[in-house]
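Inspection log for the structure reproduced underneath, given as structure tokens.
Bear in mind that the values in this text are calculations on the coordinates, not laboratory data. What you are looking at is a predicted structure, and each value in this text was computed from that prediction instead of being measured. Note: ideal-geometry Cβ built from the backbone for every residue, glycine included; neighbour counts use all protein chains shown.
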């Protein structure tokens, strides 16, 4: 008789998990394919993802999506200059495609279905990890589905862009942390899910590498169910060490790119770091709307660079073309940018306010959703599930006046649950969202709406989880 209650509970949990996974996957598949497949078009960075999947592709920004990408016969093999974990998912989609006869071809339909399976599993992990009654967990599941399926985010899952892997990784990490706090095998499963999610999220883009230390703190704070003392800390150290080791290996496995002067970058990804800092300087600081000469002098750049004010890295006339650029290239540094923003709080607030508007806008207008054969005009977008992004778009013009109250609300709810696993997860999501906001706002002056999508997705996940009860005596997942 003593064993029957736990068995009944495990059976109920299994039925709940299967039901949530099946319903989520069915909804994602319908949302993806009906009446036609959707994705997000290549903004020009897609060649990196394709290269990581073994497909050489040379193309600039595109107004339409390609449902298939095929390696050109005889094309020279390429190596990406930095890692995006979307390349891993794309490579897996290529391997799955081979089983159905799509040799050397990446099908975005296969990639989208694969991502839908992972997203459904991640939602299920979060639901099973919540320490609440079934009705509350089902309500949270509905909120998660509304966020994940929103038109501002869902198209990234079947795209050759890095954001889709970041979304999936954050979902998995959230579910993994919650499951880790449960007893027995649930805890072990949670550690495995946290590891997979952490690797996907941390390595999704150069921008998301800052997630690693925040996730490490969350893993240390979440107490694995049933483990105490040395075993608890050893298990946390194992997960953190595994994520760190895979990240180090992955980031060092790519080929450094060449700088504008032809020299080889010291580390993989250095070209992107220089691009980001360059854009931050010439689009956020030397933007042509302030005292350009004073800004150049403070940055240690020559007065003649005033002609490049407002010209980013990919502008037809950037500072990189100037004969003086190699001499002043050491001034294009993150330290220089940080020093400027730290000593100019008014300018910093101006940039942050613009970034807050970008974040709440949710969706850039240049990423199309359909293939050319669908018959829609260039850059046409789908709005099948627009609820969340529509609401954030309404308050977007308020900038920080809208975003800061959202942060404060999440922070208050996090503090009220600070001694629980859910509180730790809320703190993790809040910290990721704020750091991603600052990184994208101050560390890169281009594609602000797109680069703020990770921060927006994370804070929306936190808002959904905030809807769970504050009563700590609510029905636990495990008796």
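What percent do you get for the relative contact order of the chain when only Cα pairs under 8 Å and 6+ apart count?
Details: 811 pairs, mean separation 87.6, N = 479.
Relative contact order, the chain: 18 percent.
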Quick shape check on region 292-446: root eigenvalues a ≥ b ≥ c of the Cα gyration tensor, a/c under 1.5 is rounded, otherwise prolate if a/b tops b/c, else oblate, and it reads oblate
Listing 247, 194 by rising number of other beta-carbon atoms within 10 angstrom, fewest first, gives 247, 194
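Only helical DSSP H runs with n ≥ 4 go in: add -39500 (n - 2.57) per run for the chain, normalise by residue count and round the 222 nm mean residue ellipticity to 500 deg cm²/dmol.
On the way: 19 runs with 276 residues, N = 479.
Value at 222 nm, helices only: -18500 deg cm²/dmol.
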In degrees, nearest 10, the alpha-carbon axis of helix 229-252 is tilted away from the dominant principal axis of the alpha carbons of the chain by 30 degrees
Expressed in angstrom and rounded, the centroid-to-centroid distance over alpha carbons for region 350-376 and region 409-465 is 20 Å
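Quote the relative contact order of region 28-122 in percent (integer), defining contacts as alpha-carbon pairs under 8 Å separated by 6+ residues.
Working: 127 pairs, mean separation 27.1, N = 95.
It rounds to 29 percent for region 28-122.
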Label model pair residue 343, residue 317: point-to-point distance (7 angstrom along the Cα→beta-carbon line) in nm is 3.0 nm
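Given an 8 Å cut-off on Cα distances and at least 6 residues of separation, report the relative contact order of region 325-410 as a percent. Kindly include the intermediate steps, with their values, before the conclusion.
Working: 54 pairs, mean separation 26.6, N = 86.
Normalised by residue count, the contact order of region 325-410 is 31 percent.
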The alpha-carbon center of region 15-58 and that of region 61-90 are separated, in whole Å, by 15 Å
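Quick one: order 57, 314 by neighbouring beta-carbon count within 10 Å, fewest to most. Don't jump to the answer; show the numbers that get you there.
Numbers: 57 21, 314 12.
Going from sparsest to densest Cβ surroundings: 314, 57.
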For the pair residue 290 and residue 373, the simple spin-label estimate (label points 7 Å beyond Cα toward Cβ) gives in nm 5.0 nm
Ordered by fewest other Cβ atoms within 10 Å, a rough proxy for footprinting exposure, 51, 78 read 78, 51
1/(1 + (r/R0)^6) with r = Cβ-Cβ of residue 192 and residue 76, R0 = 35 Å, i.e. FRET efficiency to nearest 0.05, evaluates to 0.35
Under the 7 Å Cα-to-Cβ spin-label approximation, residue 412 and residue 223 lie apart by a distance in nanometres of 2.9 nm
